[in-house]
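The numbers here are math on the coordinates, done by the rules we state, and not lab data. Small disclaimer: the values here were computed from a predicted structure and weren't measured. So basically every Cβ, Gly included, is an ideal-geometry build from the backbone, and we count neighbours across all protein chains shown.
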Amino acid sequence: MSEHIVVIGGGISGLTAAWHMQRAGRRVTLLESEATVGGVTRTIAQQGFLLEQGPFNVLVRDPAFEELLTELAGSIEVVTAGKAAKLRYIYRGGRLLAVPTNPLAMLTTPLISFPAKLRVLLEPFMARRPHTPEPTLADFVNRHVGREMTDHVFGAVISGIFGGDVYQLSLPACFPTIAEIDQKHRSLLLYGLSRPFAKRTAPKKSRRKWKGMVSITGGLGALTSAIGKHLGDGLQVNSRVTGWQSTGQMIEVNYESAGRQLVLAADRLIFATAHHTTAQLLENSANPAARTIAAELQKIVSVPLVVLNLGFRSSNLGHPLHGFGYLVPPSERDYPLMGVLWADSIFPQHAPPGHRLLRVFIGGSRHPQLTQQTDQELVELALNTLRNLLQIKGQPVIANSVRYPHAIPQYHLGHPERVRRIEALLPRLPRVHLVGNYLHGVSLNDCIREAKKTTQVILNINH
Ligand SMILES: Cc1cc2nc3c(=O)[nH]c(=O)nc-3n(C[C@H](O)[C@H](O)[C@H](O)COP(=O)(O)OP(=O)(O)OC[C@H]3O[C@@H](n4cnc5c(N)ncnc54)[C@H](O)[C@@H]3O)c2cc1C
């Protein structure tokens with residue numbers, strides 16, 4: 001009989017792992033504590049709005065993500081972002097300034113000063129290689145294009161991805177490919193200029209089916225629920241794992257469902273829970289390696305975040321909201337919001353006709369204390385902050401808030417070393433595997449790629 005694989009956690013990581021195991025003919029049981037799958041990747045449809053609870057868009061860049069979309073083709077429909085999504089803004093001194101997308105716009109932008117622009121142009125002469133194998137993101141940008149770019153531009157972009165601090169995040173952990181280029185090439189500009197030639201001479205890659213930023217008809221929650229449906233009886237929702245133990249060749253998994261304490265026997269166990277939950281499930285193990293991994297996972301910091309989805313009648317908004325939205329750089333220290341996405345300008349399906357939808361992010365590493373406020377206080381904070389900037393009249397027709405005490409793991413300095421230590425200990429936990437956004441990337445692309453890789457490792461062991 002084929003191996004029984006138990007997966008704990010039905011977010012995108014666990015669903016992807018279970019999906020590939022099932023397609024390879026393995027018996028899979030996915031235990032999810034909540035009533036529905038998706039984890040942070042969920043969508044609520046209300047009053048004609050699509051309210052993304054967690055992720056909003058995916059950048060098509062990884063073959064594993066494209067493959068997953070193709071495999072699910074009969075069950076989901078991919079939606080590509082409108083052209084407006086390319087227009088991005090940065091908040092600076094009470095104004096929204098466009099992020100330059102070409103060299104001329106770079107020269108004329110009011111985002112950075114004239115000396116800072118000169119510094120960018122002098123990159124081939126002034127840039128230096130890193131002093132350390134693990135520079136921070138800020139160190140990387142400072143060395144290449146100067147500190148103003150870090151504080152006024154790049155820091156905002158990073159806040160949009162990690163909700164974190166460029167002065168603490170590790171370049172090799174967050175962007176390993178860029179870190180490699182940084183170690184090998186002194187100037188990024190000269191490296192970039194040499195690329196078109198390298199590309200022409202390189203063998204052609206297969207054509208991409210989708211380009212840029214995508215979502216799914218019905219929201220990204222439609223992707224996770226489609227995988228959940230395909231798992232059929234292999235999916236058990238309302239099933240919270242409380243413990244596990246190795247018993248020779250098998251693993252016993254304890255879980256609660258409908259008030260009952262149940263046990264499942266597994267040949268292999270995949271933990272696909274967030275890092276703090278995985279730590280809790282490992283810390284009481286009889287296996288010392290599991291306890292050491294738990295201690296490592298507990299040291300990973302994650303930032304709290306609140307996502308507010310605010311829907312308005314179009315007539316109550318004076319601003320055209322044409323573009324992706326805006327992000328806030330580290331230099332705007334006292335500005336209470338991390339950024340605002342103009343949801344229906346990117347994917348029109350997110351608001352009904354005659355309405356607009358804003359996604360407001362509050363908290364992150366800059367203002368974690370704000371996430372302690374009540375929902376009503378946060379809606380008021382957002383409205384007071386946005387009223388003049390976006391010319392808002394009246395109240396929103398819909399206000400939905402989602403709280404994440406541990407929204408996104410921060411890959412601070414030391415993260416690659418920590419991951420190496422964890423992965424070196426894993427062989428001492430036979431038949432146990434870890435997947436999730438705390439190891440090799442936080443985006444949906446990363447989670448899907450890493451979950452697929454893990455299933456391939458398991459399938460190769462049993463070949
Ligand atoms: C607000 C926000 C916005 C984001 N925006 C984007 C974006 O636009 N694009 C992008 O690419 N990425 C984005 N990300 C990152 C990305 O969405 C996440 O990194 C990714 O979805 C994490 O998926 P996961 O499956 O690893 O974890 P999770 O989604 O956290 O799933 C873990 C699952 O485990 C379950 N669980 C927990 N405890 C137990 C237990 N004891 N027993 C059984 N089940 C349990 C949980 O209920 C949950 O379903 C965003 C993240 C957040 C929080």
field: Asp233 versus Glu71: modelled label distance in nm, points set 7 Å from Cα along the beta carbon direction
entry: 2.2 nm
- prompt: In region 342-367, which residues have a backbone nitrogen under 20 Å from the label point lying 7 Å from Thr374's Cα in the Cα-to-Cβ direction?
  reply: 362-363
- line: Plugging the Cβ-Cβ distance of Leu193 and Glu134 into 1/(1 + (r/R0)^6) at R0 = 41 Å yields, to the nearest 0.05, a FRET efficiency of 0.90
- request: Considering Cα pairs under 8 angstrom that are at least six residues apart, work out the relative contact order of the chain and quote it in whole percent.
  value: 25 percent
- line: The Rg/Rh figure for the chain, Cα atoms and Kirkwood Rh, to two decimals is 0.97
- line: Sorted on mean Cβ neighbours within 10 Å (highest first), peptides 109-120, 307-318 come out as 307-318, 109-120
- request: Enter the Cα centre distance for the pair region 132-176 and region 225-253, rounded to the nearest angstrom.
  value: 39 Å
query: When only C-alpha pairs under 8 Å and at least 6 residues apart count, what is the relative contact order of region 112-201, in percent?
result: 33 percent
statement: Gln298 and Ser257 label points (each 7 Å along its Cα→Cβ direction) are spaced in nm at 3.1 nm
message: On a full-extension model of 0.36 nm per residue, what is the gain between Gln46 and Ser315, subtracting their alpha-carbon distance, rounded to one decimal in nm?
response: 94.9 nm
field: Alpha-carbon Debye profile of region 234-387, log10 I(q)/I(0) at 0.10, 0.12 Å⁻¹
entry: -0.61, -0.76
- prompt: What is the spread of the Cα atoms of region 312-463 along each of their three principal axes, largest first, in whole Å?
  reply: 62, 34, 26
query: Based on the Kirkwood radius over alpha-carbon pairs, what value in µm²/s does the Stokes-Einstein equation return for the translational diffusion coefficient of region 288-356 at 37 °C and 0.692 mPa s?
result: 211 µm²/s
Electrostatic dipole magnitude of region 112-201 [Cβ: Lys, Arg +1; Asp, Glu -1; Cα centre; debye, to 20]: 500 debye
message: Explain nothing, just the number: relative contact order of region 302-409, from Cα pairs under 8 Å at least 6 residues apart, as a whole percent.
response: 47 percent
- prompt: Which entries in the list Lys299/Lys453; Lys86/Lys299; Lys229/Lys393; Lys209/Lys299 go over 32 Å, if you measure between the two C-alpha atoms of each?
  reply: Lys86/Lys299; Lys229/Lys393; Lys209/Lys299
- line: Summing -39500 (n - 2.57) over every DSSP H run of at least 4 residues in the chain and dividing by its residue count gives a helix-only mean residue ellipticity at 222 nm, to the nearest 500 deg cm²/dmol, of -10000 deg cm²/dmol
field: Under Karplus coefficients 6.51, -1.76 and 1.60, residue-wise ³J(HN,Hα) of region 312-320 in Hz, glycine/proline x
entry: 10, 5, 4, 5, 8, 10, x, 7, x
task: Describe numerically, in nm with one decimal, the distance between label points set 7 Å from Cα along Cα→Cβ at Glu283 and at Arg428.
output: 1.9 nm
- prompt: Percent of alpha carbon pairs in region 84-210 separated by more than 26 Å?
  reply: 29 percent
